[in-house]
Amino acid sequence: MTSDAVKVWDGWIRLFHWAIVLIIPAMWWTAENGEMTWHMRLGMVLMALLLFRILWGFVGSTTARFGSFVAGPGAVLSYLTGNRREEAEGIGHNPAGGWSALALLLVMLAQVGLGLFSGDPYDGATGPLNHMVGAMTAGWMTDWHEIGFNVLLGLIGLHVAAILFYVFVKRENLVTPMVTGKRKGGAGVGGMESPSVTRGIVCLAIAAVIPLWIWFGAG
């Protein structure tokens, strides 16, 4: 084994990750304190971030692409039952971690989607697309928006628990690579391949179009 550091996460993925770390608590605080205008603004930012992550999952760096970390059931089962060959093949997510990351993305997308239609126009703030659905549908979406946040908290808890398990049991720090973009690589393990900065800027611009249209046009 070698202690040479290899690139594992590109700057766009790290920016996305830490933006999510900040925005989720901020959205909780704004909702709990009745700051619904800011809650919805942050929701639009979250939507743009998630849309960017989806685009980056197809055209981004090798470790960011869905094809590199969304493994089949057999690979996940093999990993969970103690076969570490899958873990040694790459430097990004392991098979279980890949599905955990995907689950977080999907739940956050569902939360944003529900939030767009949630609320009661006669009793508090409403999402920017609330007028497009009936009161009963909006009420149903509001209930699931609240339930979904608890699901999201559960997934975040599992994510943090997994990080702590790696730190204290496996003696592997997963946080530092998400800050520096690098980690120690084994023999024969190469770093990620990352596309140009221009591609990231284009993806971010495309991802911002839908939230901006909803906020300024669709409402």
> Going by the conditions given, is residue 175 closer than 21 Å to residue 61 by Cβ, touching a residue at least 24 places away in the same chain (Cβ under 8 Å) and exposed (fewer than 13 other Cβ atoms within 10 Å of the Cβ)?
Replying inline: no
> With respect to the numbered conditions (1) of a type outside the set (Ser, Thr, Tyr); (2) open to solvent by 80 Å² or more (accessible area, probe 1.4 Å); (3) under 19 Å from residue 104 (Cα atoms), which one is the sole condition not fulfilled by residue 154?
Replying inline: (2)
>> Quick check on this structure: which one of 80, 106 is under 26 Å from residue 184 (Cα atoms), of a type in the set (A, V, I, L, M), without any contact (Cβ under 8 Å) to a residue 24 or more places away in the chain and surrounded by fewer than 20 Cβ atoms within 10 Å (Cβ to Cβ)?
In response: 80
>> Any residue that is open to solvent by 80 Å² or more (accessible area, probe 1.4 Å) and in contact with a Phe, Trp or Tyr (Cβ under 9 Å, 6 or more places away or on another chain) - is there at least one of those in the stretch 109-130?
In response: no
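The values are calculated or read from the model by the stated rules, or taken from the named source; none is laboratory data. None of the values given here were measured: they were computed from a predicted structure. So basically every Cβ, Gly included, is an ideal-geometry build from the backbone, and we count neighbours across all protein chains shown. Protein only, heavy atoms only, side chains kept; ligands, DNA and RNA dropped before computing areas. Shrake-Rupley method; radii C 1.70, N 1.55, O 1.52, S 1.80 Å.
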